[in-house]
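The values are calculated or read from the model by the stated rules, or taken from the named source; none is laboratory data. Note that the structure is a prediction, hence the values are computed from the model and not measured. As a convention, Cβ positions derive from the backbone with ideal geometry for all residues, glycine included, and neighbour counts pool all protein chains shown. Calculation scope for accessible area: heavy atoms of the full protein, side chains included, ligands and nucleic acids excluded. Shrake-Rupley method; radii C 1.70, N 1.55, O 1.52, S 1.80 Å.
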Amino acid sequence: ITLGTGVGGGIVIGGKIYAGFNHAGGELGHMVIVADGAPCTCGRCGCWEAYASATALIRQGKRAAAAQPESLLAGYGEGLTGKDVFDAAAAGDAAAQAVVDRYCVYVAAGITDLVNILGPEKVLIGGGISRQGERLLAPIRAYVAANCFGGHDRTPPVIECARLGNEAGIIGAAAL
């Protein structure tokens, strides 16, 4: 999974990229996680991408800054980045922490759906947000473990950040 401008992804089965019918498989960011939710760039509403992309995190951070001008988030202005939201949360800003907490739930909800559908051995997260490491992974792992079909009787997949970061998707695809 790549968390960037959108939510991208790839499914690898038996060492091969799953392309699906008409080579349209793997559009992971466009599964709906909130019925009648926020508009997505694809034209639908409620897509995972509209909630879990870095673009969505920034939008959520800007909304929190406007609602709570005393927040550290307000100091970043229009140049707010996803890293800034995580940094403000780490600095103890309650508004930023609420945004990060909710963002992690959105990311984890989509991953949980994929785990329930595909039963993967491993989920790798790439993109710029993946640089947050355990600040991102710990709440996602906890949510997935608590919400996977089968609950405590099912071992959740390994969830970690892609070692190649922002380049993981393209390098992985080329290697296959």
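Below is a table of values for the structure above.
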| item | result |
| --- | --- |
| Radius of gyration and maximum dimension Dmax of region 1-145, Cα, Å | 15.6, 51 |
| ³J(HN,Hα), Karplus 6.51/-1.76/1.60, whole Hz, each residue of region 154-163, x for Gly, Pro | 10, 7, x, x, 5, 10, 8, 7, 5, 5 |
| Förster radius 22 Å - calculated FRET efficiency between ILE11 and MET31 (Cβ-Cβ, nearest 0.05) | 0.95 |
| Reach of LYS16 by Cα under 25 Å, taken over lysines that are not fewer than 8 positions away in the same chain | LYS122 |
| Exposure of HIS30 as accessible area (Å², to 10), given a probe of 1.4 Å and all protein chains | 40 Å² |
| Longest exposed-site-free window of the chain, the sites being trypsin sites (Lys or Arg not before Pro) in a DSSP loop that have at most 14 other C-beta atoms within 10 Å | 45-153 |
| Farthest toward positive dipole pole in the chain [+1 Lys/Arg, -1 Asp/Glu at C-beta], among ALA94, VAL34, ASN22 | ASN22 |
| Computed magnitude of the charge dipole of region 58-125 (debye, nearest 20; Cβ of K, R +1, Cβ of D, E -1) | 140 debye |
| Rounded to the nearest 20 debye, dipole of region 1-66 from Cβ charges on Lys, Arg, Asp, Glu | 160 debye |
| Value of relative contact order over the chain, rounded to a whole percent, pairs C-alpha under 8 Å and six or more apart | 20 percent |
| Cα-centre dipole for the chain with unit charges at Cβ (Lys and Arg positive, Asp and Glu negative), debye to 20 | 200 debye |
